[in-house]
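Take a look at the structure set out below.
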Amino acid sequence: MKSILFVCLGNICRSPLAEAVARREFAHAGLALTVASAGLGGWHSGAGADARAVACAAAHGYDLAAHRARQVTAMDFVGFDAVLAMDRSNLRELARRCPPAHSEKLALFLPFAGTAPPEEVPDPYYGDDEDFRQVIALVRRGVFGLIERCRDAA
Ligand code: 4NP
């Protein structure tokens, strides 16, 4: 596995956080993996990350300032080795859009990372700061799980 695409609904909260945490922690762990993120919806395409996600990331030392939202494209299923969904609804929609030849690349992020339950990173968009803190805690747990998984596979 050389590249991972993190996917959520809007690409302004969860998947940009996963991308930023993964980019930094993979580099820190000496893993040369390409990471990116995208959203199933295009409502926020071109926009920066949600201000609450930016603040939450910054509080944990991650920088989301350069993030620009984009929508999942057909080429993503070709170009990435793993396409990881934040929740089951995201995974169902990815499965609907993905060509059958690439469907084995799709997975739910946290179970793929081998972490303990819960299996989903809940949508924080209509939530509060506590929901964003929960998102970053789950995302960090998942990213460290991915690092373990890559080490075990090496
Ligand atoms: P995300 O959060 O999927 O974690 O980026 C959301 C962002 C925007 C919307 C929903 C969820 N929205 O409905 O615009």
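The values are calculated or read from the model by the stated rules, or taken from the named source; none is laboratory data. Keep in mind it's a predicted model, so treat the numbers as computed, not measured. Surface areas here come from the heavy atoms of the whole protein model, side chains and all, with no ligands, DNA or RNA. Shrake-Rupley method; radii C 1.70, N 1.55, O 1.52, S 1.80 Å.
Is it possible to state the helix-based mean residue ellipticity at 222 nm for the chain, with each DSSP H run of 4+ residues giving -39500 (n - 2.57), the sum divided by total residues, to the nearest 500 deg cm²/dmol? What is it? Mind showing how you got there, number by number?
Numbers: 6 runs with 70 residues, N = 154.
Rounded to the nearest 500, it is -14000 deg cm²/dmol.
How much accessible area per residue does the stretch 3-153 have, in Å², with a 1.4 Å probe? Let's see the in-between values first.
On the way: 7060 Å² over 151 residues.
Value for the stretch 3-153: 47 Å² per residue.
What list of whole percents do you get for P(r) of the chain, with Cα-Cα distances grouped in 10 Å bins up to the one holding the largest distance?
12, 46, 36, 6, 0
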